[in-house]
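Only one structure is covered here, and it is reproduced in the block below.
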Amino acid sequence: QVQLAESGGGLVQPGGSLTLSCAASGSISSIALMAWYRQAPGKQRDMVATITSRGVTNYVDSVRGRFIISRDNAKNTVYLQMSSLKPEDTAPYYCYYNTGLRIYWGQGIQVTVSS
């Protein structure tokens, strides 16, 4: 089992910045793919950014250039630095951890972009 603890969400004005963190604990895999997803009200849960154990990243087009995903393998933690935030970025954000055999999800953390 893997437990995921997310932190860093909150309310921010348009154009502002936030950084999300997700710390994994338990049966850690050194090759796990980590990612952030979000799910706007009434919509499906969509990928925001992914990062492999070697640091290869991928982003959805709507956040490329504004968000940066990174990870600290020694701390089993993935980060999502979000800047130039827009109201349409508002959603609960979910940490994703894929060992190759099983997928784990965090409980979700709310990000609200509003003036």
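The values are calculated or read from the model by the stated rules, or taken from the named source; none is laboratory data. Given the structure is predicted, the values throughout are model-derived calculations rather than measurements. In this analysis, Cβ positions are derived from the backbone assuming ideal geometry, glycine residues included, and neighbour counts consider all displayed protein chains. With ligands, DNA and RNA removed, areas are computed over all heavy atoms of the protein, side chains included. Shrake-Rupley method; radii C 1.70, N 1.55, O 1.52, S 1.80 Å.
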- Gain upon complete extension [SER115, SER7; 0.36 nm per residue less C-alpha separation]: 36.7 nm
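State the percentage of accessible surface on the chain attributable to carbon and sulfur atoms; use a 1.4 Å probe and exclude ligands, DNA and RNA.
Numbers: 3000 of 6040 Å².
About 50 percent, which is the carbon plus sulfur part of the accessible surface.
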- Task: Mind checking the per residue accessible area of the chain for me, 1.4 Å probe, whole number of Å²?
- Result: 52
- Two-site FRET efficiency, ASN58 against TRP105, from Cβ-Cβ distance with R₀ of 25 Å, rounded to 0.05: 0.85
- Message: If I model a spin label as a point 7 Å beyond the Cα along the Cα-Cβ vector, how far apart are those points for ILE31 and SER70 in nm?
- Response: 2.7
- Item | Alpha-carbon radius of gyration plus Dmax, which is the widest Cα pair, for segment 19-115 in Å | 13.0, 42
- Message: Can you list residues from other chains, or at least 5 along the same chain, whose modelled amide H is less than 5 Å from the amide H of GLY16?
- Response: LEU85
